[in-house]
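Trainee: Just dropping this structure here.
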Amino acid sequence: MSTENKIKRITTKALYLLKKKGTKITALTAYDFITAKILDQAGIDVILVGDSLGNVFQGNETTLPVTMDEMIYHTKAVNKAVERAMVIVDMPFMSYQLSVDEGFRNAGRIMKETAASGVKLEGGERVAETIRKITQQEYLLWGI
């Protein structure tokens, strides 16, 4: 665990500084308030609300059935528990694959409704334009 006493809330800048110092950065997954509270108090740097909640929490064979509403619900619970860790949210299947604009809109919805610090997309080069649009907007809004 890479607890830095002077860091009150983990941000992208804080992660950059930890990496620059050579400090190991920790990340674990949580789907609920109590687990997130324990991880945050243990000093975990990044908490992911993963779409794996479809398997772990709902008992599905895959993550495909997980919806935006379910990701938002679980992220709200996790974020209420967290005081220090950065909370990142998986964007569920088909929430960003159809178009750049739809991916951008859904990422914005997640950020607005959950107060999470970021979203995670999978797909490499084929989602690069969506990622570019999301990060460009973050830069314009927050200067990061």
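Trainee: How do ILE44, ILE25 line up, fewest other C-beta atoms within 10 Å first?
Mentor: Numbers: ILE44 24, ILE25 16.
Sorted ascending by nearby Cβ count, the order is ILE25, ILE44.
Trainee: Which entries in LYS13/LYS133; LYS37/LYS133; LYS20/LYS112 show an alpha-carbon gap greater than 28 Å?
Mentor: LYS37/LYS133; LYS20/LYS112
Trainee: Hand me the chymotrypsin sites (Phe, Trp or Tyr not before Pro) from region 82-116 located in a DSSP loop with no more than 16 other Cβ atoms within 10 Å, in residue order please. Can you show the working numbers first?
Mentor: Working: sites: PHE93, TYR96, PHE104; in loops: PHE93, TYR96.
Those satisfying the criteria are PHE93.
Trainee: Skipping prolines and chain starts, which residues have an amide H placed within reach, meaning under 5 Å, of the one on VAL89, given they are 5 or more residues away or on another chain?
Mentor: Correct list: VAL49, GLY118, VAL119, LYS120.
Trainee: Compute, for the chain, the length of the dipole vector about the Cα centre, with Cβ point charges of +1 (Lys, Arg) and -1 (Asp, Glu) only. Units Debye, rounded to 20.
Mentor: Once rounded to the nearest 20, the dipole reads 840 debye.
Trainee: Related question: Taking a quarter of the surface of the Cα convex hull of the chain, what do you get in nm²?
Mentor: Mean shadow area of the hull around the Cα atoms is 8.8 nm².
Trainee: Given labels modelled 7 Å from the Cα in the Cβ direction, how far is it in nm from VAL100 to ALA128?
Mentor: Result: 1.2 nm between the two label points.
Throughout, read-outs are computed from the coordinates displayed, never taken from laboratory work. Because the structure is predicted, anything quoted here is derived from the model rather than measured. As a convention, Cβ positions derive from the backbone with ideal geometry for all residues, glycine included, and neighbour counts pool all protein chains shown.
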